[in-house]
Amino acid sequence: MDETTVQACFERFGLPSDASMHEIERSFRELRELYSKKSLAIYSLMGEEESEEKLQSLQAAYEQILQARLLAPSDDGGNNGPEVKPGNPLSESRVVVVDADPAETPGLFLQQMRKARGLSLRSVAESTKIGTIYLESIEQHDFSRLPAPVYVRGFLKAFCRMLKVPDADLLVGRFMDLYEINCS
C-alpha cells in the first residue's frame, strides 16, 4: 500500500500517522455523524448525493488505515496486529469494519467488535464466564432471554472489557435504557 495514500487518509481524519486506533475510530465516528443524513451541521450545505459520497470516501479512508495498520511491520520485525496463523480469521486479507453506532444499536456494535477481533461467542463466553445464550441475546437485542438488570449490566461491562470497547459506560448505559424500555 502506498505510504502517501495512507498519509492522506490520516490527514482526512485530521490525525497524525502515529494516532492510536482509539483516536482513529473516534474521528471516524465523529465525521460519519457529521456527514450523516440526520446531521444538522450540513443540512443546507450539501445534498444527499454529496453527503453519501463523503461518507463513502470516509469509509474507504478508514479501511485503508486499518489495512495499513494490519500489515505494518513493528519495531521487532513482526506486525502490529495479532499473530497471523493459518486458520486464523486474520490470515485472510480482509478488513472488518465496525460501523454500527453504539448509541443506537449497542448489541450490533458489540457483535461487530467481537468479529473484528476474530472472537467466537464461545471464546468470549469461556473468558468472561457468561453463557453464550446471554451474549447472543445481548448482540441481538433479545431482551426476553436476559436475566435481571443487575446481571445484564455486569455482563455488558465484562463483554466491553474483553473487547476493549471505547466509551464502554456510554454503551452500557444506552443498552440498559433499551432494556428498560423493552422490559417494562
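Scan the range 130-184 residue by residue and report those that are of a type in the set (Lys, Arg) and either part of a helix (DSSP H, G or I) or farther than 21 Å from residue 115 by Cβ (or both). Within the range 130-184, 145, 153, 157, 161, 174 meet the criteria. One residue alone among 101, 75 is outside any helix (DSSP H, G or I) and modelled with pLDDT under 80, and that residue is 75. Residues that are outside any helix (DSSP H, G or I) and either modelled with pLDDT under 75 or outside the structural domain of residue 114 (by TED's automatic domain parsing) (or both): does the range 47-58 have at least one? There is at least one residue in the range 47-58 that is outside any helix (DSSP H, G or I) and either modelled with pLDDT under 75 or outside the structural domain of residue 114 (by TED's automatic domain parsing) (or both). Being touching a residue at least 24 places away in the same chain (Cβ under 8 Å), assigned by TED's automatic domain parsing to the domain that holds residue 120 and either of a type outside the set (A, V, I, L, M) or more than 13 Å from residue 111 (Cβ to Cβ) (or both) is a property that holds for residue 174. Looking only at residues of the range 115-125 that are closer than 11 Å to residue 135 by Cα and in contact (Cβ under 8 Å) with a residue 12 or more places away in the chain, we find that the one that is surrounded by the most Cβ atoms within 10 Å (Cβ to Cβ) is 124.
The values are calculated or read from the model by the stated rules, or taken from the named source; none is laboratory data. Keep in mind that this is a model prediction, so the values were computed, not measured. Using ideal geometry, Cβ is built from the backbone for each residue, glycine included, and neighbour counts are taken over all protein chains shown.
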